[in-house]
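I have placed the structure first, in the form of structure tokens, so that the comments after it can refer back to it.
Read the figures in this text as sums done on the coordinates, not as results from a lab. The structure displayed is predicted, hence computed values, not measured ones. Ideal geometry is used to build each Cβ from the backbone, glycine not excepted, and the neighbour counts take in all protein chains shown.
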Amino acid sequence: MAITQPALAQGAAGDTSGLPPAGFGTLHQDDVAVRMAAANVQLRVMPLDERIIRLLAPDTYRSMSQLVASRSADIEQAAIQHGVRPYDLFLVTFFGLQPRVEFNPEGITLTSQNRLFRPVALLPLSAQWSQRELNQRETASAIYLFEEGIALLEPIIVSYDGVSSTQWEQALRSIEQERARVFARAAAAPKSP
């Protein structure tokens, strides 16, 4: 599902047909992300799609939702600047595994349904981002904006500087199971008068 400015503004109160209800998830970020290591850097690539983040534990869902909302103007400006509408958003975090490790933010690509996607815009969230270098245990994060078309509920290959991961297939199993549990929890929850 591509995120657009109106969808961001609507949040949980907007058109939620087909979306899991917010507030009933139990998953952690690592459950809905691809983690991989390459060249003394570990990275985590996580979609910021409502179909996925609504399955996260309530505090984590709020945090991810607020992150997107707080950067919505920048996201929209980047989308307009690059002529990409609608679009898909991902949170990418690099972790330094050694002292003074360089990382390549543009080195990430996604392959979905035999189509290669490169980020069209990156919105840094960390001061270290511009340095492109991390110390051991240091992190740098950014929101990545991709052209719409990434099939999140299908297998995706995440690649970074020559290393590829199919870990999303494992995440899909957790996502499918949790989606069913979230709908069951929501149905069993007491309704407020």
task: Just add up the charged neighbours of residue 118: K/R +1, D/E -1, any other residue whose Cβ is under 10 Å from the Cβ of residue 118.
output: -2
- request: Report relative contact order for the chain in percent, whole number only (criteria: Cα-Cα under 8 Å, sequence separation at least 6).
  value: 25
task: For the chain, count the residues as N, evaluate 2.2 N^0.38 Å, and divide the Cα radius of gyration by that value, please.
output: 1.03
message: What Kirkwood Rh does segment 48-140 have if only Cα atoms enter the pairwise 1/r average? Answer in Å.
response: 15.0
query: Using the Kirkwood formula over every pair of different C-alpha atoms, what hydrodynamic radius in Å results for segment 122-185?
result: 14.8
- request: Extending each Cα 7 Å along its Cβ direction at residue 51 and residue 169, get the distance between those two points in nm, one decimal.
  value: 2.0
statement: The answer for residue 126, listing residues at least 5 apart or on another chain whose modeled amide H is closer than 5 Å to its amide H, is 141
- line: Computed about the Cα centre, the charge dipole of the chain from +1 Lys/Arg and -1 Asp/Glu charges at the Cβ has a magnitude in debye, to the nearest 20, of 400
